[in-house]
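Data first, discussion second: the structure below is written as structure tokens.
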There are 2 protein chains.
Amino acid sequence: MAIDTVTWRDGKVRILDQTRLPTELVYRECGDWNGVAEAIRVLRVRGAPAIGVAAAYGVCVAAEKAADAATGADLLRALEPAIAGLAATRPTAVNLFWALTRMRGVLERDDVSSADADAARAALLAEADRILAEDRSMGEAIAGHGRDLIPENGRVLTHCNAGALATGGIGTALAVVVAAHHQGKRLLVYADETRPLLQGSRLTAWELEREGVDARVICDSAAGGLMARGEIDVVVVGADRIAANGDVANKVGTYPLAVLARYHGLPFYVAAPVSTIDLSIPSGREIPIEERDPAEVTRGALGRTAPAGVRAVNPAFDVTPADLVTAIVTDRGVVRAPYEVGLEAVVEGRA
Amino acid sequence: MAIDTVTWRDGKVRILDQTRLPTELVYRECGDWNGVAEAIRVLRVRGAPAIGVAAAYGVCVAAEKAADAATGADLLRALEPAIAGLAATRPTAVNLFWALTRMRGVLERDDVSSADADAARAALLAEADRILAEDRSMGEAIAGHGRDLIPENGRVLTHCNAGALATGGIGTALAVVVAAHHQGKRLLVYADETRPLLQGSRLTAWELEREGVDARVICDSAAGGLMARGEIDVVVVGADRIAANGDVANKVGTYPLAVLARYHGLPFYVAAPVSTIDLSIPSGREIPIEERDPAEVTRGALGRTAPAGVRAVNPAFDVTPADLVTAIVTDRGVVRAPYEVGLEAVVEGRA
């Protein structure tokens, strides 16, 4: 089921604060773009598609505040710091830049640039609403294309959270799983807890429980042993950015699952909207990988877990080479190798 | 450096409470065998060799309490519940059973069986002291055999804690790394934090800091990405039980590292004393794998990390097939494939 991850309400961006889940369901209203940027940075809102939606509405809230602008052109000048600030929050998920490029494109249109500021604000809001609406329909489309990849009685492994909470709609990878559940398939879903911030145990387990899907939380390091014991049939994950050659950047810990799936002869599926495909990036080597605060590993929300002064390394993402990916499920269909061809086709709408 | 992980003091077993590390250095005195069993069960003392030492002294403390026994034979009868209770604490590490078998063997000796109870108690204590002393010398021997496997400027990955805290001496896998450091090699050690109980970040990072070894804590799921980026040269881990064919049971998360090491062409070393080799077990399939409380994953020491009511699966160990193991470093030398031959040789002292 869809969750109001990010919505527009009374001139503010309303964000479900995912750092408080699963114990509390708290919404935050962001009345300026800095609040939206902070929410993205500290992962109150996370997941590539949801970040795109939040950034789009972040531009709208900045436009509300730009009271001095007389025209669309004035508004574009006034919004430059907001667009730059929102773009600087997180480097890996391409949907953020894609959404901001769309919002800027609205203000660069001749009719909007020359229009009065209120009309330009309305055009911005319409574009953000469109991004959210597309996000909702892309989730449905991904679920429709992907659900038949999940076998009856399937034991499914997923990592991090690629569900409704990661999008404005029903999700990507988790939407595939939930759609298979709605087909009447008996499923058992193993949710990697996903250290350091536990999006799997906090968010994915919470979503699966709401959907009535039988789920088990496991430590990330337990997935390999389950595969060896024949207890996993299929792996499905989301993506933060997909390079032109099919290399996939996703939450750290995705790549080892892909290697393990290959080693055990299991299918490894990536589910993501076309907006996650970045044809300007030839391969995963060029995808910028966010390094987050090492304190997320040594302290984080969990209290001190390592001696004071001990250093940590905390990459937020890793890259899975295309040759380990069985298929990429997009809102425009399922893409298989050679990915260069298939990804370009879905991006250009020829799929 | 050695740490007094488990010692005998004034008729009690003194155990460094590892659940309180790294923030507090607290010792607990166990005046009865139940206290020792509880300490093993909740991981106040952990690590296969250290569990063996603790169990041996646990028998001694039970012998102190058996005031009614007149002879060694009486003592054996009186100690049956203690031996059974200590054996029931944890199923995977073979050193526990090995140590208890040795302690029972003392009481079964004709000279001890017919001796008075005080003489039998002294014989038990001498055997436990011998197990501890052997544990200390096996660590030195493993370190001596293994240190040359660690390259100059090596970037070393380890999992869980196989250091002084896991033994009565200087450790196993971590002793190899520390010995290489003492050879003057510049090393960078990545310590997997090791969910759910964080022995890597709490214990291994603490030991490495005391030794002055440059260390970084990482989430377990980050190891694969580091390998892909060429930032790991060698993997060294301990073992809880090694089957006759070389299959290795060790902390959950070891097996995926072995698969990843193979995929990246990196050496994967296991360091363990001969007492960890169980020739009665033909392969890893027959090694009993402890399933621990799922609450360690969903609550544990870290507060609630998953929705109330969500189920979890919490295997404490996994099995790494021998074909993924580059070499096993024992106190009697380095064993390579075919393991059936080499392991039997070191167990029988023919290495």
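The values are calculated or read from the model by the stated rules, or taken from the named source; none is laboratory data. Being a predicted model, the structure only gives us computed values, none of them experimental. Here Cβ is always computed from backbone atoms with ideal geometry, including for glycine, and neighbour counts include all displayed protein chains.
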Handout entry: helices (runs of 4 or more DSSP H) contained entirely in segment A:1-99, each with at least 1 residues that are farther than 20 Å from A:I170 by Cβ, charged (D, E, K, R) and within 20 Å of the chain's Cα centre (by Cα)
Key = A:33-41
Handout entry: Condition broken by B:T276, with the remaining ones in (1) of a type in the set (S, T, N, Q); (2) more than 13 Å from chain A (Cβ to nearest Cβ); (3) surrounded by fewer than 22 Cβ atoms within 10 Å (Cβ to Cβ) satisfied
Key = (3)
Practice task
With the condition kept exactly as written, say whether any residue in segment B:238-248 is within 13 Å of chain A (Cβ to nearest Cβ) and touching a residue at least 40 places away in the same chain (Cβ under 8 Å).
Solution key: yes
Handout entry: Neighbours by Cβ (under 9 Å, 6+ apart or cross-chain): first from segment A:49-74, closer than 18 Å to A:G31 by Cα; second of a type in the set (A, V, I, L, M) and modelled with pLDDT under 95
Key = A:I51/A:A93; A:G52/A:A93; A:G52/A:V94
Problem - Residue that is nearest to A:S201 (Cα to Cα), among those in segment A:1-45 that are surrounded by fewer than 16 Cβ atoms within 10 Å (Cβ to Cβ) and acidic (D, E) - result: A:E24
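In the set A:T71, A:T92, which member is under 29 Å from A:P282 (Cα atoms), in contact with a strand residue (DSSP E or B) (Cβ under 9 Å, 6 or more places away or on another chain) and among the hydroxyl-bearing types (S, T, Y)?
On the way: A:T71 fails: under 29 Å from A:P282 (Cα atoms).
Result of the check over A:T71, A:T92: A:T92.
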Fill in the blank from the handout: Log entry, pairs with first residue in segment B:100-115 being more than 13 Å from B:D74 (Cα to Cα) and in contact (Cβ under 8 Å) with a residue 40 or more places away in the chain, second being part of a helix (DSSP H, G or I) and charged (D, E, K, R), beta carbons closer than 9 Å, six or more apart or on different chains, reads B:R102/B:E127; B:R102/B:R130; B:M103/B:E127
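Mind checking whether some residue in segment A:297-307 is more than 14 Å from chain B (Cβ to nearest Cβ), in contact (Cβ under 8 Å) with a residue 40 or more places away in the chain, not in a loop (DSSP other than H, G, I, E, B) and not hydroxyl-bearing (S, T, Y)?
Taking segment A:297-307 first, the residues more than 14 Å from chain B (Cβ to nearest Cβ) are none.
Within segment A:297-307 (the criterion being more than 14 Å from chain B (Cβ to nearest Cβ), in contact (Cβ under 8 Å) with a residue 40 or more places away in the chain, not in a loop (DSSP other than H, G, I, E, B) and not hydroxyl-bearing (S, T, Y)), the answer is no, since none of the residues qualifies.
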Problem - Odd one out for B:P81, checked against (1) more than 27 Å from B:A164 (Cβ to Cβ); (2) touching a residue at least 60 places away in the same chain (Cβ under 8 Å) - result: (2)
Exercise for the section: Would you mention how many residues in segment A:312-341 are touching a residue at least 12 places away in the same chain (Cβ under 8 Å) and outside any loop (DSSP other than H, G, I, E, B)? Expected result: 18
Handout entry: Matching residues, segment B:221-253, being in a strand (DSSP E or B) and crowded, with 24+ Cβ neighbours inside 10 Å
Key = B:V235, B:V236, B:V237, B:R241, B:I242, B:A243, B:V248, B:A249, B:N250, B:K251
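Within segment A:178-220, how many residues are at positive phi and either crowded, with 24+ Cβ neighbours inside 10 Å or facing another protein chain (nearest Cβ under 9 Å) (or both)? Break it down into steps so the answer makes sense when it comes.
Here is the first cut: in segment A:178-220, the ones at positive phi are A:184, A:194, A:198, A:212.
Checking the rest, the ones that are also either crowded, with 24+ Cβ neighbours inside 10 Å or facing another protein chain (nearest Cβ under 9 Å) (or both) come to A:194, A:198.
Residues in segment A:178-220 being at positive phi and either crowded, with 24+ Cβ neighbours inside 10 Å or facing another protein chain (nearest Cβ under 9 Å) (or both): 2 in total.
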Exercise for the section: Scan segment A:308-315 and give yes if some residue there is small (G, A, S), more than 15 Å from B:L226 (Cα to Cα) and within 11 Å of chain B (Cβ to nearest Cβ), otherwise no. Expected result: yes
Exercise for the section: Would you check if there is a residue in segment A:104-127 being under 18 Å from the mean Cα position of the chain (by Cα) and of a type outside the set (G, A, S)? Expected result: no
Completion exercise
Checked against (1) at pLDDT 95 or above; (2) in contact with a strand residue (DSSP E or B) (Cβ under 7 Å, 6 or more places away or on another chain), A:G105 satisfies every condition except (2)
Completion exercise
When B:G300 is run through (1) surrounded by 22 or more Cβ atoms within 10 Å (Cβ to Cβ); (2) out of contact with any Lys or Arg (no Cβ under 8 Å at 6 or more places or on another chain); (3) at pLDDT below 95, the failure sits at (1)
Problem - Residue ID - farthest from the other protein chains (Cβ to nearest Cβ), chosen from residues in segment A:319-328 that are surrounded by 20 or more Cβ atoms within 10 Å (Cβ to Cβ) and closer than 13 Å to A:A243 by Cβ - result: A:I328
